[in-house]
2 protein chains.
Amino acid sequence: MKGLTKRSDDFAGWYTDVILKAELADYAPTRGCMVIRPYGFGLWENMVVQLDRMIKETGHQNAYFPLLVPESFFQQESEHVEGFSPECAVVTHGGGKKLEENLMVRPTSETVICSMYAKWIQSYRDLPVLINQWANVFRWELRPRLFLRTTEFLWQEGHTAHATEAEAEDETLKMLDVYRVFAEEYMAIPVIPGPKTESEKFPGALRTYTIEGMMGDGKALQMGTSHNLGQNFSKAFNINFQTREGLREFVWQTSWGMSTRTVGAIVLVHGDDKGLVMPPRLAPYQSVIIPIWKDEAERAAVLPCVDQASKSLQGVRCKVDDREQYGLGWKFSEWEVKGVPLRVEIGPKDAASRQAVVVRRDTGAKQAIPLDRLGDEVRTLLGTIQREMFERAAAFREQQTRRVDEYETLKRVAAEEGGFIHAHWCGSAACEATIKEETKNTIRCLPLHRERESGRCVSCGAPSDGRVIFAQAY
Amino acid sequence: MKGLTKRSDDFAGWYTDVILKAELADYAPTRGCMVIRPYGFGLWENMVVQLDRMIKETGHQNAYFPLLVPESFFQQESEHVEGFSPECAVVTHGGGKKLEENLMVRPTSETVICSMYAKWIQSYRDLPVLINQWANVFRWELRPRLFLRTTEFLWQEGHTAHATEAEAEDETLKMLDVYRVFAEEYMAIPVIPGPKTESEKFPGALRTYTIEGMMGDGKALQMGTSHNLGQNFSKAFNINFQTREGLREFVWQTSWGMSTRTVGAIVLVHGDDKGLVMPPRLAPYQSVIIPIWKDEAERAAVLPCVDQASKSLQGVRCKVDDREQYGLGWKFSEWEVKGVPLRVEIGPKDAASRQAVVVRRDTGAKQAIPLDRLGDEVRTLLGTIQREMFERAAAFREQQTRRVDEYETLKRVAAEEGGFIHAHWCGSAACEATIKEETKNTIRCLPLHRERESGRCVSCGAPSDGRVIFAQAY
């Protein structure tokens, strides 16, 4: 594709080029915002369908809460307001008048949802409350980047209330695992689940869990978070219930979210010099059939084969690109930059042998497939591509992951090689801050299933009982 | 259901009670806004699934444009800004600072979408552009009412661009008909499609078409609108393209929307003194099975029948309400207020005769159905209910529609009987305004398929060639 920056030359420039040229998104006239174009939105819709199904299968229902939150509500949980106030867009006028109270455009909906839960929850019989919302949210961004950091983004935010602390912790981990499965099985991106450090947790949470993925340049991306809110919000908003024993207690809460940022992850993990590579399970089109003919006679021979191919691909999201105003080369590079997993070419010679030439977007591998086996072979190939994309991403992460025990090594690896660094950390915020300051590497998470291993903090030498993951992050 | 206002005593009070008690929605802490609760959102989701499918089947794709629109964009089309500015919520601060330019929270998205179309559309090859967006929008409401008029509401807004005026008009009417079909076949509400008068059209449109439904109190509700925008916006935003012949022309545009207001229509048209009545095709639950037992022996007899019933209802959205903490009377009235189309009762006597007692929500009719025929019978009944709900609404509208030729009669009918009044109108804005002023009745539309009939304007006596529909409206 003309004008596409090479991935190895300038990863950041390549990323933006791919998004614009694949028509995933475009810059909006509103500062820091983007327009999600139909092709990008088609991908997001496929993600929503699957994640929404998984959220409902775990017992949640969708609802909708207001976009604008009275400033006073927002201020009821002190850590929360401190964390989010500087990022908020503020409505001061409405209906032609100055408002008596400012309204914040939601950066997240804990406060307004908690105000409703206080009204709805009276008894243990009302628990658990398991609600999810698909919504747009606003966080002012000083250095916006398409999908990864936009002032407005789309997401789902789950908000649950429970009778016990243990139930809330179970829910937090259950939804983290839903995110892990979604990232791995649908986005074909291996992720590491685990808690964040105190300094990186959600403002107002007791504990924040994350899934961290490695992008194609070795940097980390936080791809979804699940928070155990404890009783911080229920105390601030007075959400209490009568227990079975007749006592009044505050509920235990969780919240969890995954956003359009993950669309950026698909580009960053799977893309190459030709553009996007879509994981088949989420691809807006899983295959594109391109008929090839030069004259009417060839057209008459090819068309029936295209029809047959198209029919045999029932259940596969397939597009026939028979536009006459574009040449073959143009079409090939358009579908390459858009990352369609399989290109199915049918020309006069193929028609004569009753076959199609099928080209994999991820590997470039070509094979001729008889038309009467096309449907089965394509379905099998799509499964193979999905699996191999995951395996390649996992192998790359493995390759870009290093165990480091000395601070000098950590500094050198961080500066020269990047990737994930598994190192010991004593647990102190001071060491975490020093390392961040000196290496730009942050602690991405304490892996959930990490080995217990005695060691010494890479910064201060104090004892540690397991490694954490350092990386530069988006 | 306790505390539910009688529909015949106080229609407005009944409407609000039904929404709150059926848990469709609740008042939000943000003035004029509501929270759509899971049961109401389940209904909306079913509406979205169907309408989204119909929008896609007519060739449109979804996309997403930003919520906040720079004030200067908003001011580019003069009628548009005049119509919407007084209703806007305005963001003046963001990221802790006063903004250089105010941002309007979208009341509708023509302006920001047009700014993108100006960039994307260059040639006749880029046309038509057929994009739809599902979004939240804001219009300041002085007298908010749940679903019908809320400051924030959810909707879809289609925005298309075409090479010719005729194509734009075709699109406008095509989408109006999609709305008609959706209202009639899914919501079970008969509607009258037709153009609005000049004074009632969308600010910036050439022509606005509407579908008008009659609510249970005889008032009209505008349930969806489709606008032919002509070249008003393309000239204001400079959206031009090179024609096949190499000339540059402005595109012809349309926009069309249907919103959560239609949830209110379902309540207003089908509800009764017991609460909601859900049209089966949109009902979150189409049937609820209520097992009845008093002791363990009865429980053991009933449970296997409940399992069999539940299995036979595959493909039906069915809930088994086996909650032990609620009594039968409580459950019956809860599912009645929520309007579940069919209640399936199975008690020990039913178990002994291998049957279930099935009760229609719309008519109250009860019948015993053998378990081995339950699935088929329930599916048939759901179809019958859907059809009969439409027929009852159509019969009611017929009954509440009057042809009137004298102004005194119109005034009397408007004051004493309400409903739709078919009367002649000369086409002048002055007569329209006088009638509105004196009778509170507005012209809902000029029915698309109205008979040509010579007559005299009910207000001024000037000649008219067909009747229009007057009614009091929500």
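Laboratory data are not the source of any read-out in this text; all were calculated from the coordinates shown. Just so you know, these numbers come straight off a predicted model, no measurement behind them. Note: ideal-geometry Cβ built from the backbone for every residue, glycine included; neighbour counts use all protein chains shown.
Here are some notes:
- Pair-distance distribution of region B:401-471: all C-alpha pairs, bin width 10 Å, starting at 0; shares per bin in whole percent are 23, 61, 16.
- The listed peptides B:38-49, B:375-386, B:280-291, ordered by packing as a protection proxy, come out as B:280-291, B:38-49, B:375-386 (highest mean of other Cβ atoms within 10 Å first).
- Helix axis angle, A:38-57 relative to chain A longest principal axis, alpha carbon, degrees: 50
- Shielding score for B:57-64, defined as the mean number of other chain Cβ atoms within 10 Å: 5
- The GluC sites (Glu not before Pro) of region A:258-356 that meet both conditions, a loop assignment by DSSP and at most 10 other Cβ atoms within 10 Å of the site Cβ, are A:Glu324.
- Three-way shape label, region B:285-335, alpha-carbon gyration tensor, a/c 1.5: oblate
- Charge dipole (debye, nearest 20) of region A:109-239; +1 at Cβ of Lys and Arg, -1 at Cβ of Asp and Glu: 400
- In order along region A:62-68, phi translates into HN-Hα couplings of 8, 8, 9, 10, x, 5, 9 Hz, rounded to whole numbers, per the Karplus curve 6.51 cos²θ - 1.76 cosθ + 1.60 with θ = phi - 60° and x for Gly and Pro.
- Derived scalar couplings ³J(HN,Hα) [region A:166-182; Karplus, 6.51 cos²θ - 1.76 cosθ + 1.60; whole Hz; x for Gly, Pro]: 5, 5, 5, 5, 4, 4, 4, 6, 4, 6, 4, 6, 4, 4, 4, 4, 4
- Formal net charge of residues neighbouring A:Pro195 (Cβ-Cβ distance under 9 Å; K, R +1; D, E -1): +3
- Shielding by partners for peptide A:97-106, expressed as the average number of C-beta atoms from other protein chains within 10 Å of each residue's C-beta, is 3.
- Sorted by Cβ neighbour density within 10 Å, fewest at the top, the residues A:His93, A:His270: A:His93, A:His270
- Averaging 1/r over each pair of different alpha-carbon atoms in region A:1-52 and inverting the result gives 12.2 Å, the Kirkwood hydrodynamic radius.
- The overall shape of chain B, judged from the alpha-carbon gyration tensor, is prolate: a/c is not under 1.5, and a/b is greater than b/c.
- Cα shape, region B:11-270, gyration tensor, a/c 1.5 rule: oblate
- When region B:102-236 is reduced to its Cα atoms, the Kirkwood hydrodynamic radius in Å: 16.4
- Based on Cα contacts under 8 Å between residues 6+ apart, region B:401-471 shows a relative contact order of 38 percent.
- Distance from region B:228-288 to region A:117-177 (C-alpha centre basis), Å: 30
- Amide H contacts of A:Arg402 (H built 1.01 Å from N, in plane; Pro and chain starts excluded): A:Phe420, A:Ile421, A:His422 sit under 5 Å, all sequence-distant by 5 or more or on other chains.
- For the pair region A:374-439 / region A:20-42, the C-alpha centres are spaced 29 Å from each other.
- Estimated dipole of region B:166-223 in Debye, rounded to 20 [Cβ of Lys and Arg +1, of Asp and Glu -1, Cα centre]: 200
- Residue mean of other protein chain beta carbons inside 10 Å, B:21-34: 5
- Those residues of region B:110-143 whose amide nitrogen sits under 20 Å from the label point placed on B:Gln242, 7 Å along Cα→Cβ: B:117-129
- Relative pair counts by distance (%), Cα atoms of region A:74-131, 5 Å bins: 4, 15, 21, 18, 17, 13, 7, 4, 1
- Residues whose amide H comes within less than 5 Å of that of B:Glu141, counting only those at least five positions distant or on another chain, are B:Thr151 (H built at 1.01 Å from N in the peptide plane).
- Averaged over residues, the count of other Cβ atoms within 10 Å places the peptides B:209-220, A:111-122 in the sequence B:209-220, A:111-122, highest first.
- Computed across region A:314-392, the Kirkwood radius stands at 13.5 Å (inverse of mean 1/r, all Cα pairs).
- Shortest-first distances to equivalent copies, position A:Glu100, nm, label 7 Å out along Cβ: 3.6
- For region A:138-286, averaging the sequence separation of C-alpha pairs within contact (under 8 Å, six or more residues apart) and dividing by the residue count gives a relative contact order of 28 percent.
- Note that region B:366-373 has calculated 3J(HN,Hα) couplings of 10, 8, 8, 10, x, 4, 6, 10 Hz, one per residue in order, obtained from phi through the Karplus relation 6.51 cos²θ - 1.76 cosθ + 1.60 (θ = phi - 60°); glycine and proline are x.
- Placed amide H near B:Lys319: partners under 5 Å, 5+ positions off or other chain: B:Ser287, B:Val288, B:Ile289
- Largest-first ellipsoid semi-axes for the protein assembly as shown, taking √(5λ) over the Cα gyration tensor eigenvalues, angstrom: 47, 38, 31
- Label points for A:Ala433 are taken 7 Å from Cα along Cα→Cβ. From this copy to the others they lie 6.8 nm apart, shortest first.
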